[in-house]
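Notes for the one structure printed next.
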Amino acid sequence: MYLSVYETMLFVGLSSGTVIVIDLVLNRCIGRHSCHHSDTRCSISCLCSCEERLFTAAFDMKVACWRVVPHREEGVSFQLEKLLTSFKHTVLCMKIHDKLLYSGCGDATVQIHHTTTWELVHTITAHGGAVSALDILGKVLITACFDKLVRCFDTEHLELLQVYAGNTDMVFTLCTADGLIYTGLKDGTVQAHRLDLTVFNQCHWQGCGLRFGVWEHLREHIRDHAECKSLTPTPANTVTCHWKGCSQVIDTQLMTAHLQLHVSLHQRQ
């Protein structure tokens, strides 16, 4: 079940592909519509609403834009405005902002469509897993991912500004309020991170460069590099450090401590 609210209307998306409309003032159902065919692949995966438009996504990898027309005595009717079929995987989350539709997908991408021309204007490919949730705060696009990371992008240039880690499991949902990012995790917990784009704790591992909003998150992140399967140990059970400016050969059991030293020295600089 997926929910979206616009003014006094609550839209409820069901696994059958049907959307129910509830008037929150009258507290009654004022309409229903079969937005996607009633088979397993066409179960609704997410929805969002803006003005008199409702966007529904389904497991058939399609997104439909509906014009919701209210009627004084007959509730509401749905008119199909556009069907988007450019997705290669199921859309798991959507957000409308400044005439742009942001769609987070199971193939680790975010597709951005213009809601006037329906042109696909950009595809973000900076995620390490399915994009499960997204929100926009000011000029910052915030995304949640199954790789446990929360990413912050500049909405104008789509540059990756910052990353927040510290989540103990896959992130299923996300929302923002009062400068905080709240994440709902697979293990049933909710965590909060304060958004501060003035802080940059950068990883200098070759080919990485992620900038973390919390220093402790960088310390946790470097363990992934220390345990990386692409680091092939020598017969002497040693590996080469790929931190910027370092090429020391380190015992595999000491690699995490070695990288922690790099991070500590970097913070002092």
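For Trp215, Trp66, what's the largest-to-smallest order of accessible area, 1.4 Å probe?
Result of the area sort, largest leading: Trp215, Trp66.
From the protein chains alone at 1.4 Å, what is the descending order of accessible area for Phe212, Phe146, largest first?
On the way: Phe212 0, Phe146 70 Å².
Greatest to least solvent exposure: Phe146, Phe212.
With all distinct Cα pairs included, what does the Kirkwood hydrodynamic radius of segment 130-269 come out to in Å, to one decimal, could you say? Kindly include the intermediate steps, with their values, before the conclusion.
Working: mean 1/r = 0.0619 Å⁻¹.
Answer for segment 130-269: a Kirkwood hydrodynamic radius of 16.2 Å.
Enter the accessible area per residue of segment 18-167 (Å², integer; probe 1.4 Å; all protein chains in place). Don't skip to the end; give the middle numbers.
Details: 6940 Å² over 150 residues.
Per residue, segment 18-167 has 46 Å² of solvent-accessible surface.
Please give the direction-averaged projected area of the C-alpha convex hull for the chain, in square nanometres with one decimal.
Mean shadow area of the hull around the Cα atoms is 17.1 nm².
Counting only C-alpha contacts under 8 Å and six or more residues apart, can you give the relative contact order of segment 114-269 as a whole percent?
Dividing the mean separation by the residue count of segment 114-269 yields 13 percent.
Under a GNM of the chain (C-alpha, springs under 10 Å), which listed residue has the highest mean-square fluctuation: Val140, Val150, Val91?
Sorting by GNM fluctuation, first place goes to Val140.
Using a 1.4 Å probe on the protein chains only, how many percent of the accessible area of segment 146-224 belongs to carbon and sulfur?
50
Over 19 Å between Cα atoms, which of Lys62/Lys82; Lys139/Lys186; Lys148/Lys186; Lys82/Lys139; Lys95/Lys139 qualify?
Exceeds cut-off: Lys139/Lys186; Lys82/Lys139.
Nearest 20 debye, what's the magnitude of the dipole of segment 120-241 about its Cα centre given +1 on Lys and Arg Cβ and -1 on Asp and Glu Cβ?
Numbers: 9 positive and 13 negative charges, 41 e Å.
Charge dipole of segment 120-241: 200 debye, to the nearest 20.
Within segment 7-101, list the GluC sites (Glu not before Pro) lying in a DSSP loop whose Cβ has at most 12 other Cβ atoms in a 10 Å radius.
Glu7, Glu51, Glu73, Glu74
Among Gln191, Gln162, Gln79, whose mean-square fluctuation peaks in a Gaussian network model of the chain (Cα, cutoff 10 Å)?
For the chain, modelled as a Gaussian network with Cα springs under 10 Å, the answer is Gln79.
About the Cα centre of the chain, how large is the charge dipole given +1 on each Lys and Arg Cβ and -1 on each Asp and Glu Cβ? Please answer in debye to the nearest 20.
For the chain, the charge dipole is close to 280 debye.
Return the carbon/sulfur percentage of the accessible area of segment 10-111, one whole number, probe 1.4 Å, all protein chains in place. Provide the component values of the computation, followed by the final result.
Working: 2440 of 5030 Å².
Percent of accessible area from carbon and sulfur atoms in segment 10-111: 48.
Given the whole protein assembly as supplied and a 1.4 Å probe, what does the accessible area of Met94 come to in Å², nearest 10?
The accessible area comes out at roughly 20 Å².
Out of segment 1-94, which trypsin sites (Lys or Arg not before Pro) are coil in DSSP terms and have no more than 15 other C-beta atoms within 10 Å?
Within segment 1-94, the qualifying trypsin sites (Lys or Arg not before Pro) (loop, at most 15 other Cβ atoms within 10 Å) are Arg72, Lys88.
The values are calculated or read from the model by the stated rules, or taken from the named source; none is laboratory data. Treat the numbers as computed from the prediction; the structure is a model and nothing was measured. With ideal geometry, Cβ positions are generated from the backbone for all residues, glycine too; neighbour counts draw on all protein chains shown. These accessible areas exclude ligands, DNA and RNA; they are computed on the full protein's heavy atoms, side chains included. Shrake-Rupley method; radii C 1.70, N 1.55, O 1.52, S 1.80 Å.
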